[in-house]
Amino acid sequence: MADLARKRNEELARILHQLGWSPERLAREVSAALPPGLAISSTAPYKWRDRGMVPRSPHDQTVCEVLGRAVGIAVTYEQLWGRMGVGRGAKVLSPRLLTDEWTADTAQTALREAGGDGAPVRLTDLFRGDELEQAARHWASPPPAVTGGEGALRIAPEQLADLRLSYESKQRLERTYGGGLILDLAKAELAMVGKLLELGAYDEALGRELYGAASRLAKLVGWANYDLGNDAAAQRAFVAALRAAHVSGDPRLGVSVVGCLAVQATYNSGGRGLDAVAMLSTALRAADEVLTPRERALQLGRIARAHGKKGEQISAEAVAERAFRALDGGEEHTQERADLEGMIGEGYLFLGEHERARDLLTGAVAALRPERARAKALLMVRLADSYRRTGDRDEAERTADGARRLAAGMQSGRVARALREFDAAVRAG
């Protein structure tokens, strides 16, 4: 109800009066600066000026840019919207999360917001694909200086080891029981690491390791949000993780985060117009020499699946072959190979190649260990849907029942949604 309470935006009113613009003129200028699908109504600026409402991304920042060009000096977000309060729009997180300079200070800001408990971020707050691609290019540039580290809390390598163990334990829980189980815990720990960065005493080397720990936690927060279907919140956590990875100077972390964004764009609406293949391929080329075989295979598998989603069978098969080749000769890579079979199988499902898809999915389901229950349940639903599409109703129901038993109590929005979609398709058929 906060948006309904009248709170006139005096700064916006002052700038419009200075320019001699009506709210309708502002609406025309903002719409002209945006892609056609994002044009606003002529009455929207009245709500911003007279009722203190804050437009959503990307309109909030576009208003600042339009007015800044007209006035001749920069109009900042804080100047225009900062006094309206966090309850007066969907923009809880920084509107410049992608466009701020990529420094240690802005990485801390992004991490603090990703670990905070602000109002929910809505699906309409997703970034555009070109915005994300621009951000994804930053991680490969030389890392900035580590600022801070002069606080009262002495940070020692032992704390970093504890953070790594804590991250790994939460990741295992998430993979078994779903993102809903660990999201609040991961956000709280990310907020704690943000405090250590702000108040801690550390040298540059230790500081970069601390940013690396923060990046892994932010990525986990993003993945848990994605698993629950919170696409916009996931995206912002991934960008925070990307900023922290950039400061850490570890390109392997950056590629890992870009891979998460690519997965989100392949299956969901994460990144309007985002080309997952192009973005992840660019990241992989930039860091290929430092990746381990399992890291390279994982990202190649994601690229192959994205090619399948785009209907590009020749490219999907070529990249899949490279991915399997990356794991050749490594007997210890059984779980990585199962993951890869699952991803390539999903790619063949997109292409309508059900027989090839089922061979791969069946092998992946059989090889995945119990601690990978969430991935196993999701692949079983994909397998069941393939049987349904090819007319084998009994096998489809048997496989789906197995997925339901495995997913009982699991806090995964992705698995729950896949089962609902399967059941709806069965009823419709």
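The values are calculated or read from the model by the stated rules, or taken from the named source; none is laboratory data. Note that the structure is predicted; figures quoted are calculated from it, not measured. Here Cβ is always computed from backbone atoms with ideal geometry, including for glycine, and neighbour counts include all displayed protein chains.
Looking only at residues in region 289-312 that are more than 22 Å from the chain's Cα centre (by Cα) and part of a helix (DSSP H, G or I), the one that is surrounded by the most Cβ atoms within 10 Å (Cβ to Cβ) is PRO293.
When LEU274 is tested against (1) in a helix (DSSP H, G or I); (2) touching a residue at least 12 places away in the same chain (Cβ under 8 Å), exactly one condition is not met: (1).
Answer yes if at least one residue in region 373-388 is under 24 Å from the mean Cα position of the chain (by Cα), closer than 21 Å to GLU317 by Cβ and in a helix (DSSP H, G or I), and no otherwise. Within region 373-388 (the criterion being under 24 Å from the mean Cα position of the chain (by Cα), closer than 21 Å to GLU317 by Cβ and in a helix (DSSP H, G or I)), the answer is yes, since at least one residue qualifies. Being farther than 16 Å from ASN225 by Cα, assigned by TED's automatic domain parsing to the domain that holds ALA224 and of a type in the set (Gly, Ala, Ser) is the requirement here; does ALA286 meet it? Answer is yes for this residue. The residues on offer are SER315, SER281, and the sole one that is farther than 24 Å from TRP139 by Cα and surrounded by 15 or more Cβ atoms within 10 Å (Cβ to Cβ) is SER315. Scanning region 163-177 for residues that are under 22 Å from GLY116 (Cβ atoms) and in contact (Cβ under 8 Å) with a residue 60 or more places away in the chain returns a single hit, GLU174. Just the residues that are in contact with a Leu (Cβ under 6 Å, 6 or more places away or on another chain) and either under 20 Å from THR106 (Cβ atoms) or surrounded by fewer than 23 Cβ atoms within 10 Å (Cβ to Cβ) (or both), please, taken from region 219-230. Scanning region 219-230 gives a single hit, VAL221. Taking first residues from region 183-204 that are in the same structural domain as PHE238 (by TED's automatic domain parsing) and over 21 Å from PRO157 (Cα atoms) and partners that are of a type outside the set (Val, Ile, Thr) and part of a helix (DSSP H, G or I), the Cβ contacts under 7 Å between residues at least 6 apart in sequence or on separate chains come to LEU183/ALA224; LEU183/ASN225; LEU183/LEU228; LEU185/LYS170.
Going by what's in this entry, would ARG356 be described as modelled with pLDDT of 95 or more and closer than 27 Å to GLY402 by Cβ? Give the steps one after another, and end with the answer.
Details: modelled with pLDDT of 95 or more: yes; closer than 27 Å to GLY402 by Cβ: yes.
Here the answer is yes, as ARG356 does meet what is asked.
Just so you know, in region 50-59 the residues that are of a type outside the set (A, V, I, L, M), surrounded by 20 or more Cβ atoms within 10 Å (Cβ to Cβ) and farther than 17 Å from PRO36 by Cβ include one that is modelled with the lowest pLDDT, and it is SER57. Return yes when LEU190 is modelled with pLDDT of 95 or more, touching a Gly at 6+ places or on another chain (Cβ under 7 Å) and buried (at least 21 other Cβ atoms within 10 Å of the Cβ) and no when it is not. Against the criterion (modelled with pLDDT of 95 or more, touching a Gly at 6+ places or on another chain (Cβ under 7 Å) and buried (at least 21 other Cβ atoms within 10 Å of the Cβ)), LEU190 qualifies.
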